[in-house]
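Enquirer: This structure is in structure tokens; I'll ask about it shortly.
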Amino acid sequence: MSKQTDDFFKNIISHAKEYGFVFPSSEIYDGLSAVYDYGQLGAELKNNLKSYWWKSMVQLHENIVGIDAAIFMHPTTWKASGHVDGFNDPMIDNKDSKKRYRADQLIEDKIYRYEKDGKTDKAKQLQQDLDAALAVDDLARLKSIIEEHAIVCPMSGTKNWTEVRQFNLMFATQMGAMADGAEQVYLRPETAQGIFVNFLNVQKTGRMKIPFGIAQIGKAFRNEVIARQFIMRMREFEQMELQFFVRPGTELQWYEHWKEMRLKWHLALGADKAKYRFHDHVKLAHYANAAVDVEYEFPFGFKEVEGIHSRTDFDLKQHQEFSGKKLQYFDPEINQNYTPYVVETSIGLDRLFLSVLANSLVQEDLSTDEKSDSRVVLKFHPAIAPVKAAVLPLTKKDGLPDKARSIMNTLKLDYNVQYDEKDSIGKRYRRQDAIGTPFCITVDHQTLEDDTVTIRHRDSMQQERVAIGELERIIGDLVSLNKLLKQLM
Ligand code: ATP
């Protein structure tokens, strides 16, 4: 990371903390590694992102329904899914710093640095070597790549590495009161399996006809080998997943369909198209016949935000075998029973949150010839902004606070609105800019005479005078999720 991008990333983390978006978990005890809490504004932003995803998936599609499965699942689930035996990451330790890394990520960082330095051929060759080693789980080759490219530990700066080893990422715990009779269960490492085991329940009770989808938002847990980069890689995180069940043979068409839909969904939030790219998997997981990552260009490089996988009939067949229950569908159109194929879209809510923060945080220079000035703004799309409007009486006197409160009382029925009367109006505008509030409504003496207020627009800083009666329409129009959703239809 260059000094500039490093500083920008640090700014994002400190801004997120200072304004109540993200706090280290149990901070009074010095935090817990790679676990974070969402604060008062972070929780709002997260809810808005969830709502955008849920509505775009469930509400806009007649053939997609949503569920909420438990985090704990029967332990055999994870045998069937392959996680007990194969959910591993290649790890390597630096003997000097005692820091642990994921071997593939050290190499990916090197590829990014080659790209940034214009060494495109070297980057391509290294990517090919990495993919080839991962394809056959060749841990010795990963080590030799690290040596050949003189990759050093970012902490110690040395090349004093251990061998590369595999590490299982699942958290295990005991269920039941008696230590002897207790059963080992896992915290789910992905939400997908909760959907697969409920395939027949939902299909039958919802009278779903193929093609149809089951969506879910929920927590997942992975004992990540290394967990740095803030909320990018956490040990407890949240996924938003769709499993879309299709007739065998049509899966690659649906895979292309969902690739296109998901990119559109990301772009509707307002980021520049150049910030996104697809990265096709060369090493396909044993269950997949096509897979791609949707990558966003974070301050530390292009990284996966979402995975789209054509998972074949692997999961349903495995659960059928391990449970002994038939998990098939009778397709009346072709008069046949079959195990459906599945196309999955799986997005990490926390990574999405970070991409939105990185894309929105701007430091603007407002200096004039007379004085130097600047402001920090979070230019969120209004539909996902945590606070939609702030109501600000110009002064604390002359009945202006009462008037402002009465406006607030009407607006708060529909939107998250803040009231603020402390400090100068200029300071209050800047505070709202820093948390990304799209509108500031200022109540002044003229308001008492003619029931009008000024609305200040966050991005342009333009102000306009409007009637109080117009406020709901003006704000509602701009902050509505409908606007985002319409772009997806
Ligand atoms: P990575 O290669 O970065 O470890 P992955 O390919 O294992 O990710 P998936 O299993 O495809 O990830 O999970 C789907 C999504 O869940 C990812 O695109 C990512 O956004 C999110 N995700 C996965 N692991 C984490 C984590 N430890 N912290 C936060 N989000 C995560």
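Enquirer: Under 24 Å Cα-Cα from LYS396, which lysines qualify once same-chain neighbours fewer than 8 residues away are excluded?
Expert: LYS388, LYS412, LYS422, LYS427
Enquirer: Probe radius 1.4 Å, ligands and nucleic acids ignored: give me the carbon and sulfur share of the accessible area of the chain as a rounded percent. Mind dumping the intermediate values first?
Expert: On the way: 11380 of 23160 Å².
About 49 percent, which is the carbon plus sulfur part of the accessible surface.
Enquirer: Let me ask you something else. Go ahead and run the numbers for FRET between LEU267 and LYS17, Cβ-Cβ distance against an R0 of 22 Å, rounding to 0.05.
Expert: On the way: r = 29 Å, r/R0 = 1.31.
Computed FRET efficiency for LEU267 and LYS17: 0.15.
Enquirer: Using only Cα atoms, find the angle between the long axis of helix 139-148 and the longest principal axis of the chain, and express it within 0 to 90 degrees, rounded to the nearest 10.
Expert: 60
Enquirer: Quick check on the stretch 315-376: what does the Kirkwood estimate of hydrodynamic radius come out to from the alpha carbon pairs, in Å? Before the final figure, lay out the partial values.
Expert: Numbers: mean 1/r = 0.0577 Å⁻¹.
After inverting the pairwise mean of 1/r, the radius is 17.3 Å.
Enquirer: Roughly how tilted is helix 120-135, in degrees to the nearest 10 and between 0 and 90, from the longest Cα axis of the chain?
Expert: Taking the Cα atoms of the chain, the angle to 120-135 is about 50 degrees.
Enquirer: Give me the number: length gained by fully extending ASP138 to LYS50, i.e. 0.36 nm times residue separation minus the C-alpha to C-alpha distance, one decimal in nm.
Expert: My answer for the length gained is 27.8 nm.
Enquirer: Along each principal axis of its Cα atoms, how long is the chain end to end? Whole angstroms, biggest number first, please.
Expert: 75, 62, 53
Enquirer: Show me, for the stretch 405-419, the HN-Hα J-couplings you get by feeding each phi into the Karplus relation (A = 6.51, B = -1.76, C = 1.60, θ = phi - 60°), rounded to Hz, glycine and proline as x.
Expert: Values, residue by residue: 5, 5, 5, 4, 5, 6, 5, 5, 5, 10, 10, 7, 10, 10, 10 Hz.
Enquirer: OK, next. How far is it, in nm, from the label point at ARG228 to the one at ARG207 when both lie 7 Å from their Cα along the line to the Cβ?
Expert: Placing both labels 7 Å along Cα→Cβ, they lie 5.6 nm apart.
Enquirer: Another one. What spacing in nm lies between the two simple spin-label points modelled at GLU449 and GLU304, each 7 Å away from Cα in the Cβ direction?
Expert: About 6.3 nm separates the two model spin labels.
Enquirer: Using the heavy atoms of the protein chains and a 1.4 angstrom probe, tell me the accessible area per residue for the chain in square angstrom. All intermediate terms of the calculation are to be shown ahead of the outcome.
Expert: Numbers: 23160 Å² over 489 residues.
On a per-residue basis, 47 Å².
Enquirer: At R0 = 41 Å, how high is the FRET efficiency between GLN59 and GLN128 if r is their beta carbon distance? Nearest 0.05 is fine.
Expert: On the way: r = 43 Å, r/R0 = 1.04.
With R0 = 41 Å, the Cβ-Cβ based efficiency is 0.45.
Enquirer: If you take the beta carbon distance between LYS397 and SER372 as r and set R0 to 41 Å, what does 1/(1 + (r/R0)^6) give as a FRET efficiency, to the nearest 0.05?
Expert: On the way: r = 32 Å, r/R0 = 0.79.
Rounded to the nearest 0.05, the efficiency is 0.80.
Enquirer: Calculate one ³J(HN,Hα) per residue across the stretch 86-95 by plugging θ = phi - 60° into the Karplus curve 6.51 cos²θ - 1.76 cosθ + 1.60, and present them in order as whole Hz with x for glycine and proline.
Expert: My calculation for the stretch 86-95 gives x, 8, 10, 10, x, 10, 9, 10, 8, 6 Hz in order.
Enquirer: Per 0.36 nm of contour for each residue apart, how much would the distance between GLU472 and LYS116 grow if the chain were fully extended, relative to their Cα-Cα spacing?
Expert: Numbers: separation 356, 0.36 × 356 = 128.16 nm, distance 4.73 nm.
Here the answer is 123.4 nm.
Enquirer: Obtain the nm distance between the two label points defined at GLN487 and LYS99 by a simple spin-label model: each point lies 7 Å from its Cα along the Cα-to-C-beta direction.
Expert: 3.7
Enquirer: How far is helix 251-268 tilted off the main Cα axis of the chain, in degrees rounded to 10, range 0 to 90?
Expert: Computed tilt is about 20 degrees.
The values are calculated or read from the model by the stated rules, or taken from the named source; none is laboratory data. These figures come from a predicted structure and were not determined experimentally. Positions of Cβ are generated from backbone atoms using ideal geometry, with glycine treated the same way; all protein chains shown enter the neighbour counts. Side chains included, ligands, DNA and RNA excluded: accessible areas come from the protein's heavy atoms. Shrake-Rupley method; radii C 1.70, N 1.55, O 1.52, S 1.80 Å.
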